Amino acid sequence: MPKLNRSEWYDLTRDMNWNLTYVTDEQVWPEELSNSYGIPSEAWWTWDEPYKISYPEYVHNQSGKDESVYAVNAVIGRSNLFENLDPAWKAAIVSHYGAIAVPEYVAGIGEARMGRFGRAAAWRNMAMFGTLDETRHGQLQTYFPYTMLAKEPRLDWAHKAMHTNEWGAIAARHLFDDMFTANDAVSTAIQLTFTFETGFSNLQFLGMAADAMGVGDVDFSSLISSIQTDEARHAQQGEPTVKILIEQGKGDVAQKLVDHMFWRSWHIFALLTGAAMDYYTPLEHRKHSFGEFMNEFIIKQFMDQFRDFGLERPWYWDEHFLTELSWYHHATHLGVWFWRPTVWWNPAAGASPEEREWLEEKYPGWNDTFGKYWDVIGQNVRDGHPERTGPETFPMVCNMCQIPLCNPAGYMAGKLPSPEPLTLVWNGRPYQFCSAPCQWIFEQNPARFQGHLSLLDRFLGGVIQPPTIEGALAYMGLSPEEMGQDATNFEWARGAVLVG
Ligand code: MN
Ligand code: MN
């Protein structure tokens, strides 16, 4: 077999486009599955990814990665590493597996859609590698928790969560259906690979890998580092797609797709990663605060990229995004902790005196705002009334992000936005939104979103029976053994007595 240099055959094999004669473009790339935004085929053929790889190279690299990460897992599985992990850190990994494992597998559908309906051969080629990547991530992140089931039965939520109506699972499915399973190939490239993966995945996979290493969770750290190397490669399908849209005078299309998905990604990462970094990671091992990671990965790196392409910052940047950056994840964390029976992990409060000092340092003003809530909760615990620290009612849920409205009220008025939801009546049905950008996303395409019922819509509409807290918990798939409890059995609150 002649051994040619890679450069002599690579372009021929990766990028073979031709004009169709037996069928029309529309038959091969229906707009629903591959919105061309009116850009002609020949223009799509200029699609050129910055990262080049052949199939033999791909297989070689991937099998090497799998060998080493499964070897780490096999060794760790025989140790007592998991038992010795800080209970607060366990909240970070148990929540991660439920929220991420199956969605990774589902992301393979988005990649496969680009693999079939991408508008250039080079792109379809890259996306097929992406499909294999996401399959690997789904397998890894269901297998790793499986090996620890004997130690933490709720790790079966890695597989179970997305098959339930637990509220976080509904929020995640609503987002991921919007982003990849119910999206066309071109929009998927902009929203999944450019916005979500280039922008936000780094937060979860680089930031959390650093924290995991600090904690001594070698298993989790090696797992997510291994995944990140794939993400960094296949995320690069976004850039050439954005480039073509802009060159062809469709910058406004790219901008709108980014604005839409940037906001949605922000909310889900604030909910998941915000709590993991600022409340669940043991204090002595926190590398950076969530706010600092957001600054580094999103505000600096990702926005530099925006400017290079000639895109604008989303319209809601200053008024909504930068404002929420100072409070939103503190509020969702407080909500998750308070409504802890509704989640499958044991949330850590992260509100001991030392932790509060750290929060005040990283987020000046925290003590006067969120600290006030934790004062009351801590006092109730110390007074012997832990039952006063749990929910009796349900919160309003946003009809876009599906995350409960948690805009703080009371003495925080004036410092933070109004706790009142935004209401839009559309086709006779009222919809509630937590924020102006969530409402804006709905208004851009009501037909896409109008049929969905939030958890609260289902509660009020009689879908959830009996219409009680217990009925709703059962509807969410949570047995009493599975419902979240305070990760440290209120140790953080009792500690305050010793110090104060
Ligand atoms: Mn992945
Ligand atoms: Mn990915």
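Observations on the structure shown:
- Surface exposure of the range 283-326, expressed per residue as accessible area with a 1.4 Å probe, stands at 53 Å².
- Computed from the C-beta positions of Asp25 and Ala74, the FRET efficiency with R₀ = 30 Å rounds to 0.05.
- Cα gyration tensor shape for the range 263-348, rounded if a/c is under 1.5, else prolate or oblate: prolate
- Exposed loop sites, defined as chymotrypsin sites (Phe, Trp or Tyr not before Pro) outside DSSP H, G, I, E and B with at most 10 other Cβ atoms within 10 Å, are absent from the longest region of the chain, namely 23-500.
- Diffusion coefficient, µm² s⁻¹, Stokes-Einstein with Kirkwood Rh over alpha-carbon pairs of the range 10-152 at 37 °C and 0.692 mPa s: 182 µm²/s
- Built amide H within the under 5 Å cut-off of Thr488, gap 5+: Ala349
- Relative contact order (%) - the chain, alpha-carbon pairs under 8 angstrom, separation at least six: 17 percent
- Evaluating 6.51 cos²θ - 1.76 cosθ + 1.60 at θ = phi - 60° for every residue in the range 165-176, the Karplus couplings come out as 9, 4, 4, x, 5, 5, 4, 5, 5, 4, 5, 6 Hz, glycine and proline recorded as x.
- The range 434-458 versus the range 171-239: alpha-carbon centroid distance in Å: 24 Å
- Structure note, pairs Lys160/Lys287; Lys52/Lys243; Lys243/Lys300; Lys300/Lys362; Lys90/Lys160: Cα-Cα distances above 26 angstrom occur for Lys160/Lys287.
- Within the accessible surface of the range 154-308, defined with a 1.4 Å probe on protein heavy atoms only, the carbon and sulfur portion equals 53 percent.
- The ellipsoid that matches the Cα gyration tensor of the range 46-121 has semi-axes, each √(5λ) in whole angstrom, of 34, 19, 10, with the longest given first.
- For the range 326-409, radius of gyration divided by Kirkwood radius, i.e. Rg to Rh on alpha-carbons: 0.96
- The range 268-427 has equivalent-ellipsoid semi-axes of 28, 21, 15 Å, by the square roots of 5 times the alpha carbon gyration tensor eigenvalues, sorted largest first.
- For the range 433-488: rounded, prolate or oblate by the Cα gyration tensor [a/c cutoff 1.5]: oblate
- Test item: Cα-centred dipole of the chain, Lys/Arg +1 and Asp/Glu -1 on Cβ, debye: 420 debye
- More than 25 angstrom apart: percent of Cα pairs within the range 79-197: 31 percent
- Remark: the range 313-381 carries a charge dipole of roughly 280 debye about the Cα centre, counting +1 on each Lys and Arg Cβ and -1 on each Asp and Glu Cβ.
- Rg/Rg_ref, the range 153-272, where Rg_ref = 2.2 N^0.38 Å and atoms are Cα: 1.18
- Cα pair distances of the chain binned at 10 Å [whole percent]: 4, 19, 29, 27, 15, 6, 2, 0, 0
- 0 to 90° range, to nearest 10: angle between helix 218-234 axis and the chain longest Cα axis: 40 degrees
- 4 °C / 1.567 mPa s Stokes-Einstein diffusion coefficient of the range 198-245, Kirkwood radius on C-alpha pairs, µm²/s: 112 µm²/s
- Here, the range 203-284 has an Rg and a Dmax of 16.6, 51 Å when only alpha carbons are counted.
The values are calculated or read from the model by the stated rules, or taken from the named source; none is laboratory data. Here the structure is a predicted model, which means the values were calculated and not measured. When we count neighbours, we look across all protein chains shown, and the Cβ atoms used for this are built from the backbone with ideal geometry, even at glycine. Ligands, DNA and RNA are stripped out before the accessible areas are found, and what is left, the full protein with its side chains, is counted by its heavy atoms. Shrake-Rupley method; radii C 1.70, N 1.55, O 1.52, S 1.80 Å.
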